[in-house]
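Here's the structure, in structure tokens; my notes come after.
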Amino acid sequence: MRNFINKRAPYLFISPALLLLMMFSLIPIVVAFVISFTDISLVGLSDWSQINFVGIDNYIDIMTDPIFLKSIGNTLFYVVIGVPLVITCSLGIAVLINFGENRFFQFFRLIFYTPSITNVVAVAVVWSYLYNPSFGFLNYLLSLADIPAVPWLQHPVIAKISLIILALWRAIGTNMIIFLAALQGIPKAYYEAASLDGANKWQQLFKITVPMLKFAIFFVTVTTIIGWLQFFEEPFIMTNGGPLDSTTSISLFIYRNGFQFSKFGYAAAGSFLLFIAIIIVTLIQFRMQKVKNED
């Protein structure tokens, strides 16, 4: 009897977590997949008899929707530009803070981490005023140098870059903490031996620090790409997808169709396509990491 209890005890301890995972992750995924094959709307929620099975029509329609296709291009723009910037800046700041002996560098941990725990709505509102073309602080600084005002949120390309700058400012803190934890796990003896061999700081960085951080870099890369594929808050609050849908991300497109147009089946199809894209990208990254480890 005791052996039976000992064997079942681990499952008992993890059962609450598994139950929450099923209720709030696995079951919603299944429900979204099912309703993606229907034309469910607000009418269907009040009267289930009004829900019709439409097969793969939602998937066909969404893959030919010009706004959805544009949102894919916008999201790829965010990922290609934003992810390398976040990783590079986070790692660079973490290295400076970790090896800085001055307390001034230690204080920067708080400075860079604070945006990560600040309410995104409040931050976006403040940055909207900074980006304002008429009385924004950024254009005021440019006017002092006789530089023409920049349409931060009015030009299709500049608007995307402006959102990336804000998201970069918010994302640095969390990744910086991860890199700092990894940096502090590198034995100091490696750097002392490298110094005795005549290696300078740059050589130590690229020959010791970066290779020893490969797992931290991999983790940050995976989580950052997933986050940018789900880019939503900044374009929703600051531009609402404009101008001319130039900042509409896939997540914003899904939200708009689901909660503003009440096309729940159509939005579910889009969300499942995004889910599949995230899974594929993540599996590719794990495969690439496995190949590197084997080499």
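The values are calculated or read from the model by the stated rules, or taken from the named source; none is laboratory data. In this text, all values refer to a predicted model and were calculated from it rather than measured experimentally. Virtual Cβ from ideal backbone geometry, glycine too; neighbours counted across all protein chains shown.
Report yes if Ser128 is among the small types (Gly, Ala, Ser), part of a helix (DSSP H, G or I), surrounded by fewer than 16 Cβ atoms within 10 Å (Cβ to Cβ) and over 19 Å from the mean Cα position of the chain (by Cα), otherwise no. Can you show your working first?
Values: among the small types (Gly, Ala, Ser): yes; part of a helix (DSSP H, G or I): yes; surrounded by fewer than 16 Cβ atoms within 10 Å (Cβ to Cβ): no; over 19 Å from the mean Cα position of the chain (by Cα): yes.
When the stated conditions are applied, Ser128 does not pass them.
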Expected output for region 227-241 (first residue over 25 Å from Tyr129 (Cβ atoms), partner hydroxyl-bearing (Ser, Thr, Tyr) and surrounded by fewer than 22 Cβ atoms within 10 Å (Cβ to Cβ), Cβ below 7 Å, 6+ apart or cross-chain) is Gln230/Ser251
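So is Pro151 without any contact (Cβ under 8 Å) to a residue 24 or more places away in the chain, out of contact with any Phe, Trp or Tyr (no Cβ under 8 Å at 6 or more places or on another chain), of a type outside the set (A, V, I, L, M) and under 23 Å from Thr239 (Cβ atoms) or not? Please lay out each step first, then the result.
Values: without any contact (Cβ under 8 Å) to a residue 24 or more places away in the chain: yes; out of contact with any Phe, Trp or Tyr (no Cβ under 8 Å at 6 or more places or on another chain): yes; of a type outside the set (A, V, I, L, M): yes; under 23 Å from Thr239 (Cβ atoms): yes.
Taking the combined requirement at face value, the residue satisfies it.
Yes or no: Gly185 surrounded by fewer than 18 Cβ atoms within 10 Å (Cβ to Cβ) and not hydroxyl-bearing (Ser, Thr, Tyr)?
Details: surrounded by fewer than 18 Cβ atoms within 10 Å (Cβ to Cβ): yes; not hydroxyl-bearing (Ser, Thr, Tyr): yes.
So Gly185 passes the test.
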What number of residues in region 34-68 are within 21 Å of Leu252 (Cβ to Cβ) and either among the polar types (S, T, N, Q) or surrounded by 13 or more Cβ atoms within 10 Å (Cβ to Cβ) (or both)? 13
Answer yes or no as to whether Ser25 is part of a helix (DSSP H, G or I), under 14 Å from Phe272 (Cα atoms) and modelled with pLDDT under 85. yes
Looking at (1) surrounded by fewer than 18 Cβ atoms within 10 Å (Cβ to Cβ); (2) touching a residue at least 12 places away in the same chain (Cβ under 8 Å), which is the one condition that is false for Ser90? (1)
Just checking, does region 227-239 include any residue being over 22 Å from Ile284 (Cα atoms), at pLDDT 90 or above and of a type in the set (S, T, N, Q)? yes
Could you list, in sequence order, the residues of region 237-295 that are crowded, with 17+ Cβ neighbours inside 10 Å and in a loop (DSSP other than H, G, I, E, B)? Gly241, Asp245, Ser246, Thr247, Thr248, Ser249, Lys263
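Going by the conditions given, is Thr247 of a type outside the set (D, E, K, R), in contact (Cβ under 8 Å) with a residue 12 or more places away in the chain and touching a Leu at 6+ places or on another chain (Cβ under 7 Å)? Give the steps one after another, and end with the answer.
Values: of a type outside the set (D, E, K, R): yes; in contact (Cβ under 8 Å) with a residue 12 or more places away in the chain: yes; touching a Leu at 6+ places or on another chain (Cβ under 7 Å): yes.
So Thr247 passes the test.
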The lone exception for Phe231 - which of (1) in contact with a helix residue (DSSP H, G or I) (Cβ under 9 Å, 6 or more places away or on another chain); (2) assigned to a helix (DSSP H, G or I); (3) of a type in the set (Phe, Trp, Tyr) it fails: (2)
Could you say whether any residue in region 145-157 is in a helix (DSSP H, G or I) and within 23 Å of the chain's Cα centre (by Cα)? yes
Looking only at region 197-211, count every residue that is more than 15 Å from Asn98 (Cα to Cα), more than 30 Å from the chain's Cα centre (by Cα) and assigned to a helix (DSSP H, G or I) and tell me the total. 1
For residues that are in a helix (DSSP H, G or I), in contact with a helix residue (DSSP H, G or I) (Cβ under 8 Å, 6 or more places away or on another chain) and either within 30 Å of Thr174 (Cβ to Cβ) or acidic (Asp, Glu) (or both), tally how many sit in region 38-67. 1
It is to be established whether one or more residues within region 169-185 are in contact (Cβ under 8 Å) with a residue 60 or more places away in the chain, over 29 Å from Phe107 (Cβ atoms), within 32 Å of the chain's Cα centre (by Cα) and not in a helix (DSSP H, G or I). no
